[in-house]
Amino acid sequence: MATRRNVWLAGLIALTALLVLGNLANDARLDLKYGYGWDIRVNCAAVDAYVGGLDPYFVKNLKGTKLSYPYLPVTLDVFRPLCAGGFLLDHYRGIFLVLAVLCGLLLPRLGRRGPSARDAALKVLCALGAFVGFEWVQASGNFAILSGLLTAIALRLLLPPPSSGALEGRNSLLRVAGAALLGFVMSFKLVFFPVLAALYFLPLPCCRKLALIAVATFSFALPILISGLEYPDLFASWRLAMAREIPDQHVVDLFEINPSLLLLARNLMDHAGLGESKPIIFATYASAASALVLVPFALSIFRVAVNQPAREGASVLKRLDRWLMDHPRAAMRVTMLAMFALYLSSPRLKEYAFFELALYAAILIVDLPALALAACLSIGLLVPALMSLLGAMIEGTFALLVVSLSCFWILLLDFRAEPKRLETEGAP
């Protein structure tokens, strides 16, 4: 039975890889010079305007685009070497593909098994194909590929293999560096800041976890402070652009077309005739995010804590902290689930943002049992790739949201069934 299961699963993985790579190859055949790569053109046009002494937050100063530049002023100097010479602009598709593969290879492992080609291949496949996030990154030329790469490095630093003795001091320094890097990444797209709260589920004493969250929060705020102090004029323009106070140009808006729970809530309220009331829309969005993602996750985690023997006067939170420290691999699994849940609940989840969501999923998928792995591969990779190959409409629909929610529930139900599996898997 195990042999038949392995053959069947290997066939499914091969089919999924064939569809994912075929989808990317099909995209590579398209002439993307016109109509695609709009984000990278905006970013490099903004850098060129900045180098030329113009204000890049006014679209009239950007050549070849009608879209606005959304990032903080400090990023203009960060992106400046990338856009120099036009090499990235001309060859971004191949460069992005290499970076996506590197993201998959850099992601940490949670289980007790040693590194394996199978796990590495699955993580790379997930990075390239899950929720067709990378396809959107490559088509748009979005710099989410850079934040994805930095996220992979941050997670590698935050989730080192459990150790004891002298190595624990080194791991503590790595975690601080990882928290700082993750906070910096979240400053690229401010709406994903709540993901930093997931660091509370690391297998560490409460004070150390709170210290890591403080480091990540400071690192998140630092680019904003630097932008305000070192680029005061540009920072003022950035605030005007974000507040939609620069007339007659494109603005970044929470209600832009994207497959998020917020837009789903707005559409539902539109059908109910309440689409003009933002308080009702946000209340519906909060209820949907809580009911579909956050509350089920919290109940599943605290259910584990409640089942632990209670010391006299110990609160549920302290019992949870103790369980996380006693089960470090399970705690890292919970941390990744929390990041997945918080990222998925974001009010502005553009199609290219699903690439970073795919990186969180990739870490969790490789340790799933056969049936759960097959379900995640089928729903999260195979179905979206097939939809894209067949030319089915994805943009403007909630297909990716449904797919990612389904994968989240598969991962959550697997945790509920075997919360401590990673602690014993592969052990002598």
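The values are calculated or read from the model by the stated rules, or taken from the named source; none is laboratory data. What you see is a predicted model, and the numbers here were worked out from it, not measured in a lab. Here the Cβ is made from the backbone with ideal geometry for all residues, glycine too, and neighbour counts use every protein chain on show. These area figures cover heavy atoms from the full protein model, side chains too; ligands, DNA and RNA do not enter into them. Shrake-Rupley method; radii C 1.70, N 1.55, O 1.52, S 1.80 Å.
Cβ-Cβ contacts under 9 Å between residues 6 or more apart (or on different chains), taken from a first residue in the stretch 412-425 that is within 13 Å of residue 367 (Cβ to Cβ) to a second residue that is among the aliphatic types (A, V, I, L, M) and outside any helix (DSSP H, G or I), are listed as 414/368; 422/110.
Being under 30 Å from residue 68 (Cβ atoms) and part of a helix (DSSP H, G or I): is that true of residue 119 here? So residue 119 fails the test. Only residues that are open to solvent by less than 40 Å² (accessible area, probe 1.4 Å), under 23 Å from residue 354 (Cβ atoms) and in a helix (DSSP H, G or I) were counted across the stretch 211-269, and they come to 6. Assessment of the stretch 163-174 against the conditions (in contact with a Leu (Cβ under 8 Å, 6 or more places away or on another chain) and in a helix (DSSP H, G or I)) yields at least one matching residue. Quick check on residue 99: is it surrounded by fewer than 24 Cβ atoms within 10 Å (Cβ to Cβ), under 21 Å from residue 16 (Cβ atoms) and aliphatic (A, V, I, L, M)? Considered against the rule, which asks whether it is surrounded by fewer than 24 Cβ atoms within 10 Å (Cβ to Cβ), under 21 Å from residue 16 (Cβ atoms) and aliphatic (A, V, I, L, M), residue 99 comes out as no.
Whether a residue is among the basic types (Lys, Arg) and closer than 19 Å to residue 147 by Cα was assessed, and residue 29 does not pass this test. Inclusion of residue 358 among residues that are surrounded by fewer than 24 Cβ atoms within 10 Å (Cβ to Cβ), in contact with a helix residue (DSSP H, G or I) (Cβ under 8 Å, 6 or more places away or on another chain) and touching a residue at least 40 places away in the same chain (Cβ under 8 Å) is not warranted.
Could you please give the count of residues in the stretch 385-421 that are open to solvent by less than 30 Å² (accessible area, probe 1.4 Å) and among the hydroxyl-bearing types (Ser, Thr, Tyr)? Summing the residues that are open to solvent by less than 30 Å² (accessible area, probe 1.4 Å) and among the hydroxyl-bearing types (Ser, Thr, Tyr) in the stretch 385-421 gives 2.
Given the condition of a type in the set (Lys, Arg), open to solvent by 20 Å² or more (accessible area, probe 1.4 Å) and closer than 21 Å to residue 76 by Cβ, answer yes or no: does some residue in the stretch 173-190 qualify?
The answer is yes, given that some residue of the stretch 173-190 is of a type in the set (Lys, Arg), open to solvent by 20 Å² or more (accessible area, probe 1.4 Å) and closer than 21 Å to residue 76 by Cβ.
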